[in-house]
Amino acid sequence: MTVRELAKTLSLTVLNEGDLDRAVTGGYCGDLLSWVMSRATAGDAWLSVIGNVNAIAVCVLADVSCLILCENAPFDEAAKARAATEGVTVLRSQRTAYDLAAAIEEQRKGM
Amino acid sequence: MKLQYTIPADDFTRAGEASAAVKATLKRLGFPSETIRRVAIAMYEGEINMVIHASGGEATVDIFPEKILMELADNGPGIPDIDKAMTEGFSTAPETARHLGFGAGMGLPNIKKYTDELTIHTELGKGTRLCMVVNVAQ
Ligand SMILES: Nc1ncnc2c1ncn2[C@@H]1O[C@H](COP(=O)(O)OP(=O)(O)O)[C@@H](O)[C@H]1O
Ligand SMILES: [Mg+2]
């Protein structure tokens, strides 16, 4: 499943468009950057409520396929600028991380 | 090849620029992605620590075909108890840093995990110097 397909099926808002054709190979939930950096796997969809520049830096370091801001978490201007420069895909949903993770897994299994 | 960066004090928005630049350089030079990941994570954690716990500092990166050396030096307060600081979860980060997603107390443990050699020189009231070595995957 690609990031584009994921965004469409789960009705996620695209806040910044990176490589939407990249495959979503798994997922990781967490808001503590050190954990995410060391535990997320390349290609994961990262579910978090942290929408700042540091989160974008972590997306690049961990090489995740996208950042999904859960529960309509804020995405600040500096983060938007950095995401655009780095080509990081940022999506948003009003649903919780638990909800989204379950939905993503269901989609992934179906494919 | 030698790279040098100044890490600005108290600027969370700019922290990470040095590690991103190093990552880009290593990528251009064709280093294995696992090596790049280890260097970038160790360097980012070190950079963030200099911003949160000291008032910025200097980073020097030496790139050799078989290993990457990183030295991060600051003139901050120093680390009173290194064993404690190395413990997963131990953190003296202020609330402001926690709101940004930092302060998990996993920075130094991550650095230890991702480097092949780690030496910490620290003196109270003078500063801290981290020397890190990542061997290039064969
Ligand atoms: N450069 C530094 N100068 C002074 N103290 C530091 C420095 N780096 C780390 N420390 C101390 O070590 C503790 C643990 O660091 P770390 O594992 O990175 O966790 P965190 O940064 O999340 O607090 C910090 O909370 C701080 O007390
Ligand atoms: Mg830290």
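The values are calculated or read from the model by the stated rules, or taken from the named source; none is laboratory data. The shown structure was predicted, so the numbers you read here are calculated from the model rather than taken from an experiment. Glycine gets a Cβ as well: all are built from the backbone with ideal geometry, and neighbour counts include every protein chain shown. Side chains included, ligands, DNA and RNA excluded: accessible areas come from the protein's heavy atoms. Shrake-Rupley method; radii C 1.70, N 1.55, O 1.52, S 1.80 Å.
What is the distance, in nm, between label points placed 7 Å from the Cα along the Cα-to-Cβ direction at B:Ala21 and at B:Arg129?
So the two model labels end up 2.1 nm from each other.
On the accessible surface of the range B:3-106, probed at 1.4 Å, how many percent belong to carbon and sulfur atoms?
C and S atoms contribute 52 percent here.
What is the mean number of Cβ atoms from other protein chains located within 10 Å of the Cβ atom of each residue in peptide A:22-35, rounded to a whole number?
Shielding by partners across A:22-35 averages 3.
Hey, what angle do you get for helix A:53-62 against the long axis of chain A, alpha-carbon based, 0 to 90 degrees rounded to 10?
The angle comes out at about 60 degrees.
Once phi is turned into ³J(HN,Hα) by the Karplus curve 6.51 cos²θ - 1.76 cosθ + 1.60 with θ = phi - 60°, what whole-Hz value does each residue of the range B:64-79 show in order, with x for glycine and proline?
10, x, 9, 7, 10, 9, 10, 10, 10, 10, 9, 10, x, x, x, 10
Considering only protein heavy atoms and a probe of 1.4 Å, how much of the accessible area of chain A is carbon and sulfur, as a whole percent?
Reported share for carbon and sulfur atoms: 49 percent.
So what J values fall out for the range B:95-103 if you push phi through Karplus, 6.51 cos²θ - 1.76 cosθ + 1.60 with θ = phi - 60°, rounded to Hz, Gly and Pro as x?
4, 4, 5, 5, 5, 8, x, 9, x
Can you give the accessible area buried between chains A and B, summed over both chains, with a 1.4 Å probe, in Å² to the nearest 100?
1700
Given a 1.4 Å probe, how much area per residue of the protein assembly as shown is accessible, in Å²?
With the other protein chains kept in place, the protein assembly as shown gives 46 Å² per residue.
Taking Cα atoms, how many degrees apart are the long axis of helix A:97-110 and the longest axis of chain A, rounded to 10 and kept between 0 and 90?
50
Can you send over the solvent-accessible area of B:His53, 1.4 Å probe, protein chains only, in Å² to the nearest 10?
Probe radius 1.4 Å; accessible area of B:His53 about 80 Å².
Per-residue ellipticity at 222 nm for the protein assembly as shown, helices alone: DSSP H runs ≥ 4 residues times -39500 (n - 2.57), over residue total, nearest 500 deg cm²/dmol?
Value at 222 nm, helices only: -11500 deg cm²/dmol.
What's the lysine pair count for the protein assembly as shown at a Cα cut-off below 20 Å, pairs eight or more apart or interchain?
Taking the protein assembly as shown as the scope, the lysine pair count is 13.
Using label points projected 7 Å from each Cα along Cα→Cβ, tell me how many nm separate B:Asp62 and B:Asn75, to one decimal.
2.4
Please provide three numbers in whole Å: the alpha-carbon extents of chain A along the principal axes, with the largest listed first.
36, 26, 24
Which FRET efficiency value, to the nearest 0.05, is calculated for A:Thr25 and B:Ser55 with the Förster distance at 51 angstrom and r the Cβ-Cβ distance?
Numbers: r = 40 Å, r/R0 = 0.78.
Given R0 = 51 Å and the Cβ-Cβ separation, E is 0.80.
Using a basic spin-label model with each label point 7 Å from the Cα along Cα→Cβ, how many nm lie between B:Arg28 and B:Glu88?
3.7
Suppose the chain between A:Lys80 and A:Lys109 were pulled fully straight at 0.36 nm per residue; how much longer would it get relative to their current alpha carbon spacing?
Gain on extension, A:Lys80 to A:Lys109, equals 7.3 nm.
Using Cα springs under 10 Å in a Gaussian network model of chain B, which residue among B:Asp62, B:Asp81, B:Asp116 shows the largest mean-square fluctuation?
Among B:Asp62, B:Asp81, B:Asp116, the largest GNM mean-square fluctuation belongs to B:Asp81.
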